[in-house]
Amino acid sequence: MQRMAKRLMNFGAGPGALPLPALEQAQIDLLDLDGTGVGVLEHSHRGPAFDKVLVETDALLRELAGIGDTHEILFLHGGASTQFAEIPLAFLKEGARAGYVLTGVWGEKALAEAKTVAKLKRAEAELLLSTKERAGDKETFLRVPEKLPTMEGAAYVHFTSNETVHGVQFLELPKASATPLVCDMSSDFLSRVVDFSNFDFVYAGAQKNAGPSGLAIVVVKKSFLEKQDVGIPKIWDYRVAAEQRSLYNTPSTFSIYFTRNVLRWIEAKGGIAAVQAENDKKAAMIYEVLDARKDVYTTRVAKNARSRMNVVFELENEAIEKVFLEKAKAADL
Ligand code: PMP
């Protein structure tokens, strides 16, 4: 007998909750994709059934996110963490410099990886600015810089639009400047309207808002791609990925397919602006409660950097946190 699915109100940061219609569609397509009699996991990545999925995913993403012909969209392996190393591998040439702006732990990880790669390439990955500060007995991140610093002559400047663990978000995204802008958008990709023309390179691990883990979605400006270094192994060569439409090797076909389902769901909701309005409303509701009950909850992040995606708050001590979690569980949260 088939077990009935029980669905909790899932607030997990990632892999995050996925839309029910996208999951239900996948239940059908696992057995039979589009009436082909072959399931989505079983189709060749080079056959017409999957090609249709890939074309639709690219087209929907372009349309919904407003990504123009100036940029390539790539579907790559290895999540966002692979990009931490792959970006300097591709764009930090010998003798070149890149700057990293840190507003949380993911930016720190990106810089650490870039430093390792830079050493191999006789280049420099530098800390440009960090908002790390002491708060009470620990060091933490609570804010974003007023303005993203520029770095003349740099190969790129890297920042993280939403720091998932610290709940620190650039509510206003930086505009394009003379230095190429690279953004880790993992945890707020598709959550709000973004002008992608400001960015040379955007990447996102899919598992927050777009689909399954393991997939990295990359939006890269074609003119930036031309600046890529030579001698990159093919599997990490963005130009090869672009030329071969993310089909250099077998891509994560299911992850791309599932992202398509999520994009269809966003389209049905009225697009990314509608999703953003809902996200803003949900976040405002939670922050309102946290602010109204300062006797119970502590929120440290500066108001102009409060994440709409990851609301970080603390309770007085671990014992109270335990009670909070037990009561949340009992309420199916
Ligand atoms: N960047 C950010 C902002 C993240 O939140 C995460 C995952 N939590 C990552 C990078 C790493 O992503 P992945 O696990 O896909 O490598």
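The values are calculated or read from the model by the stated rules, or taken from the named source; none is laboratory data. Please read all numbers here as calculations on a predicted model, not as lab measurements. All Cβ positions, glycine included, derive from the backbone under ideal geometry; neighbour counts span all protein chains shown. These accessible areas exclude ligands, DNA and RNA; they are computed on the full protein's heavy atoms, side chains included. Shrake-Rupley method; radii C 1.70, N 1.55, O 1.52, S 1.80 Å.
If you count only protein heavy atoms and use a 1.4 Å probe, how large is the accessible surface of SER44, to the nearest 10 Å²?
60 Å²
Please compute the modelled spin-label separation between GLU63 and ARG46, points set 7 Å along Cα→Cβ, answer in nm with one decimal.
Roughly 3.0 nm, to one decimal.
Pick out, from LEU128, SER252, GLY95, the residue whose Cα sits farthest towards the positive end of the charge dipole of the chain, with +1 on the Cβ of Lys and Arg and -1 on the Cβ of Asp and Glu.
Farthest along the dipole direction, towards plus: LEU128.
Would you mind telling me which residue in LEU247, LEU127, LEU23 has the biggest mean-square fluctuation in a Gaussian network model of the chain, where springs connect alpha carbons within a distance under 10 angstrom?
LEU23
Tell me, what is the Rg over Rh of the range 48-139, with Rh the Kirkwood radius over Cα pairs?
Here Rg/Rh amounts to 1.12.
With unit charges on the beta carbon (Lys/Arg positive, Asp/Glu negative), name the residue among VAL240, PHE324, ILE286 whose Cα is farthest towards the positive pole of the charge dipole of the chain.
PHE324
Kirkwood hydrodynamic radius (Cα pairs, Å) of the range 103-247?
The answer is 16.5 Å.
As a test, work out the antiparallel percent of DSSP beta bridges whose residues both lie in the chain, rounded to the nearest 5.
55 percent
Once fully extended, how much extra length lies between VAL105 and GLU278, figured as 0.36 nm per residue of separation less the alpha-carbon to alpha-carbon distance?
Length difference between fully extended and current span is 59.6 nm.
Share of the range 170-278's accessible area from carbon and sulfur, percent, 1.4 Å?
Of the solvent-accessible surface of the range 170-278, carbon and sulfur hold 51 percent.
Once you list every other residue whose beta carbon is under 14 Å from the beta carbon of SER197, what net charge do they have if Lys and Arg are +1 and Asp and Glu are -1?
Around SER197, the charge tally is 0.
Which of the GluC sites (Glu not before Pro) across the range 267-333 are loop residues per DSSP, with 16 or fewer other Cβ within 10 Å?
Counting only loop positions with at most 16 other Cβ atoms within 10 Å, the GluC sites (Glu not before Pro) in the range 267-333 are GLU316.
If you count only protein heavy atoms and use a 1.4 Å probe, how large is the accessible surface of GLU108, to the nearest 10 Å²?
60 Å²
Of LYS175/LYS221; LYS93/LYS132; LYS147/LYS175; LYS208/LYS322, which sit over 18 Å apart, Cα to Cα?
Pairs exceeding 18 Å: LYS93/LYS132; LYS208/LYS322.
I'm a student and want to see the number: the projected area of the Cα convex hull of the range 270-333, averaged over all directions, in nm².
5.4 nm²
What is the chain's relative contact order, in percent, from Cα pairs under 8 angstrom and six or more apart in sequence?
Result for the chain is 22 percent.
Let me know the charge dipole size of the chain about its Cα centre in debye, to the nearest 20, where only the beta-carbon of Lys, Arg (+1) and Asp, Glu (-1) is charged.
280 debye
Once you treat every alpha carbon in the range 193-322 as an equal point and sum by Debye, what is log10 I(q)/I(0) at q = 0.15, 0.21 Å⁻¹?
-0.93, -1.27
Could you check the simple spin-label distance between ASP137 and THR298, using points 7 Å along Cα→Cβ, in nm with one decimal?
Modelled inter-label distance: 1.0 nm.
Provide the FRET efficiency to the nearest 0.05 for the GLU316-MET285 pair, computing r from the beta carbons and using R0 = 22 Å.
0.45
Using a probe radius of 1.4 Å on heavy atoms only, what accessible surface per residue do you get for the chain? Whole Å² is fine.
51 Å²
Over the chain, how many percent of alpha carbon pairs lie in each 20 Å bin up to the one with the longest distance?
29, 56, 15, 0
Please list VAL220, VAL311 in order of solvent-accessible area, largest first, computed with a 1.4 Å probe with all protein chains present.
Descending accessible area places them as VAL311, VAL220.
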